[in-house]
Amino acid sequence: MPDWLSIVVRSIGALVYLFILTKIVGKRQIRQLTYIEYIVGISIGSIAAFMATEMDGPIYHSLIAMTIFAIFPVLSEFLSLKSKVVRDVVEGKATILVKDGKLLEDNLKKERLTLEDVMEQLRLKNAFRVADVEFALMEANGEVSVLLKSQNQPITPSHLGIEVSPAEEPQAVIMDGVIMDEPLANMGLNRRWINTELAKAGVAVENVFLGQVDKAGELYLDLYDDKIQAPEPQERKLTMATLKKCQSDLELYALATESEQWKANYTEEAARLQKLIDRLAPYLIR
């Protein structure tokens, strides 16, 4: 067999065997590298390269070495699950960098981090002042986790006691000026509907870079020309405004009528409509 053909066969064999070993080791090898996994990854790669180009030695020697290196992290993960001591040695432990708005200089030196390194990591977590940070630590994988002080955390609807509708992924129904039929069908819609919505917005489909439909059936458009602002859907806002107007009209009728029976009826219906508005508000207000 010519040398070049032998290299091709060995390279393909090394790639296939590497793929099999990666599946055996698991997704963690890609998602998060521990010290051992980092060493094993480099070693297996070197052995695979040696296997592809070394023409004298038999292939199975390299395969045995790669297998041993691949088994080692699997064994270490098994022992880590059984023992916290082993887990701390193999995977490492988190290090506190900031506590109660103060940098812990000794821990920074321990992790060999400069002040610029820490500030960069804090900025990536939207923390631009150390004084705003309640707690920040470096995880075993090198990532920095940040907890802002309570007064500096973003306000959410739950803080205000407001109920909102569950978030669902919108469907892209127009991409690069082309209507996507499958997402439309998934939403229970068709081309006639989308053409009607485009006509309402006064936009041609070929001018749409991206069009998305949310779970409420409203179409949001992003046009090729960023200087042109596509109108936002108004159906939900108009529905809410109409309901509120009807509720206000009922209250006015209750105040204007002199009949006690009609006053009671209008008041009761206004209260029922208000309950309906409260239930629909999370779905009609964004």
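The values are calculated or read from the model by the stated rules, or taken from the named source; none is laboratory data. This structure is a prediction, so every number in the text was calculated from the model and none was measured. Every residue, glycine as well, gets a Cβ built from its backbone with ideal geometry; the counts of neighbours run over all protein chains shown. Side chains included, ligands, DNA and RNA excluded: accessible areas come from the protein's heavy atoms. Shrake-Rupley method; radii C 1.70, N 1.55, O 1.52, S 1.80 Å.
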Inset, instruction - Please tell me if N141 is farther than 23 Å from Y38 by Cβ and touching a Leu at 6+ places or on another chain (Cβ under 9 Å). - result: no
Inset, instruction - State whether one or more residues within the range 69-83 are at pLDDT 80 or above, assigned to a loop (DSSP other than H, G, I, E, B), open to solvent by less than 40 Å² (accessible area, probe 1.4 Å) and closer than 24 Å to Y38 by Cα. - result: yes
Legend entry - Number of the condition not met by L108 [criteria: (1) exposed (fewer than 12 other Cβ atoms within 10 Å of the Cβ); (2) assigned to a helix (DSSP H, G or I)]: (1)
Inset, instruction - Please name all residue pairs, on different chains or six or more residues apart, with Cβ atoms under 7 Å, provided the first residue is in the range 129-146 and is in contact (Cβ under 8 Å) with a residue 60 or more places away in the chain and the second residue is of a type in the set (D, E, K, R). - result: A140/E91; A140/K93
Legend entry - Residue count, the range 186-213 (criterion: touching a strand residue (DSSP E or B) at 6+ places or on another chain (Cβ under 7 Å) and open to solvent by less than 40 Å² (accessible area, probe 1.4 Å)): 8
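Open to solvent by 90 Å² or more (accessible area, probe 1.4 Å), modelled with pLDDT under 75 and either within 27 Å of E143 (Cα to Cα) or more than 29 Å from the chain's Cα centre (by Cα) (or both): which single residue out of I36, I24 fits that description?
After ruling out the rest, the residue left standing is I24.
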